[in-house]
1. Could you pull out the residue among ALA102, ALA82, ALA91 that is within 21 Å of the chain's Cα centre (by Cα), among the hydrophobic types (A, V, I, L, M, F, W, C) and farther than 19 Å from TYR288 by Cα?
2. Evaluate segment 144-151: report whether one residue or more is part of a helix (DSSP H, G or I) and within 18 Å of GLU245 (Cβ to Cβ).
3. Which residues, counting only those in segment 79-107, are among the hydrophobic types (A, V, I, L, M, F, W, C), modelled with pLDDT of 95 or more and closer than 15 Å to PHE43 by Cα?
4. Within the bounds of segment 138-147, is there any residue that is more than 27 Å from PRO5 (Cα to Cα), buried (at least 21 other Cβ atoms within 10 Å of the Cβ), in contact with a helix residue (DSSP H, G or I) (Cβ under 6 Å, 6 or more places away or on another chain) and among the hydroxyl-bearing types (Ser, Thr, Tyr)?
5. Can you tell which of GLU335, GLU351 is among the acidic types (Asp, Glu) and closer than 30 Å to ILE11 by Cα?
6. Having 1 or more residues that are in the same structural domain as TYR274 (by TED's automatic domain parsing) and of a type outside the set (Lys, Arg) is the bar; report the helices (runs of 4 or more DSSP H) wholly within segment 302-392 that clear it.
7. Being touching a strand residue (DSSP E or B) at 6+ places or on another chain (Cβ under 8 Å) and among the hydroxyl-bearing types (Ser, Thr, Tyr) is the filter here, so list the residues in segment 31-83 that pass it.
8. Being within 17 Å of ARG389 (Cα to Cα) and among the aromatic types (Phe, Trp, Tyr) is the filter here; which residues of segment 327-379 pass it?
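The values are calculated or read from the model by the stated rules, or taken from the named source; none is laboratory data. Please read all numbers here as calculations on a predicted model, not as lab measurements. All Cβ positions, even for glycine, are placed from backbone atoms using ideal geometry, and neighbour counts span all protein chains on display.
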Amino acid sequence: MNLTPRGCSSIGGELSSCMEECRNRTMGLFASYGYNPFNPAEFQLLEGVMKNLPRRRRERVIAVNSPFGEPCCMRADLTLSALSYMALHHAPEEFPLRLCYAERVFAVPRPPRENLEDTQVGVELLGWEGLGSDVEVAALLLKALDSLGLTDSVIVLGDSSLLPRLFANIPKNLSGALVEMLEDGAYSDFLRAAESADGLSDAERCILKELPRLKGDVGILDDAAEIFGSRTPLHSLRDICSSLEQLGYRSRVRIDLGFIRDLGYYCGPIFNVYSSRDGGFLGGGGRYEGVLSDVRFSCQAVGFGISLRELALACHPEARAARVMIWSGNLPPSESLRYAARLAERGVSFEISWNPDDLESRNFAASRGCSWWVNLQDGYALDAATGARTHPDAVGGVA
């Protein structure tokens, strides 16, 4: 019997184990940097979401009614949940605040994707503005990827404050269409529109035509400064890149000045992250402000969210210890459970076999891929790889 509708996933097996390991490692890292776990409600009030999300995000909201008759939607944005929580539970003088999460979000998919749901792991740093917080969050993201073995991952930086400056003198109907083309990655359409648009100066047309091409390593900022002139400052991106370089991440930083996401939601540096130079998209984030129109405080914030499933598919974290199958034979169950507790204290993963037959238990351990089969009844542990026997207390340093 299938209970999972189209667009949703029930994940188990190796992928689920890998996702859990990624969750534990990243959330543990975030906690060590002072980020507090946050568990938001699964439903969000529809009015607040529709008021504060950009138009293209609003089109993907999955609306529902609560049992109490309130118009709601499945959780569409974790940042909105975080800011709403802050507004209800903290006063402005308590800022800055750091939150981290590993929670699901829901949205109508864009073809060719079909998934309605995704689990995101991420952070929000609220109430501190400027370079320090931008670099902290970007560096924390790269450090989290390093902890999972994704040392070839790449962060691509842009700046959402550039386009309003560049498009300031361009008619709104044209600038709106150009923004949508950039958001969709329709660069050929963008270039054709820039070439054929009426009422543009030569300088404005040149800037538009060059914009999608301004991508590459940090040196591309020098080219951009020459094209844009002094009216479009690039110091925020320069400073972030300089700080990341000092932290040893120069080879993993890319610039894309044509990169844009949710204009009007983000207000400064933004970024996407990829599992490798040629790898899959994991997620992104950036600086934002004013996304809750009715909160009792105003502040800037920066954060990111990355897909836990895509993260797990991109890496294979090593298990903390070899898997052990425990068999106690005719001994009381308490013997297995006491030994299991000692393994658990040392972070060793295990299963308990209650099968009365030792051979069947051993075969079951082999089918599970266990590295050790422990026979508590006869007092030995069997190494699955070599067949060698040792004392049970030698497994995982139990003694």
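1. Values: ALA82 fails: farther than 19 Å from TYR288 by Cα; ALA91 fails: within 21 Å of the chain's Cα centre (by Cα).
From the options ALA102, ALA82, ALA91, the qualifying one is ALA102.
2. Checked against the condition, which is being part of a helix (DSSP H, G or I) and within 18 Å of GLU245 (Cβ to Cβ), segment 144-151 yields at least one hit.
3. The answer is VAL105, PHE106, ALA107.
4. Within segment 138-147, not a single residue is more than 27 Å from PRO5 (Cα to Cα), buried (at least 21 other Cβ atoms within 10 Å of the Cβ), in contact with a helix residue (DSSP H, G or I) (Cβ under 6 Å, 6 or more places away or on another chain) and among the hydroxyl-bearing types (Ser, Thr, Tyr).
5. Residue meeting the stated conditions: GLU351.
6. Those helices (runs of 4 or more DSSP H) span 308-314.
7. The answer is TYR33, TYR35, SER66, THR79, SER81.
8. Going through segment 327-379, the residues within 17 Å of ARG389 (Cα to Cα) turn out to be 327-328, 358-359, 361-363, 365-366, 370-379.
Across segment 327-379, the qualifying residues are TRP327, TRP372, TRP373.
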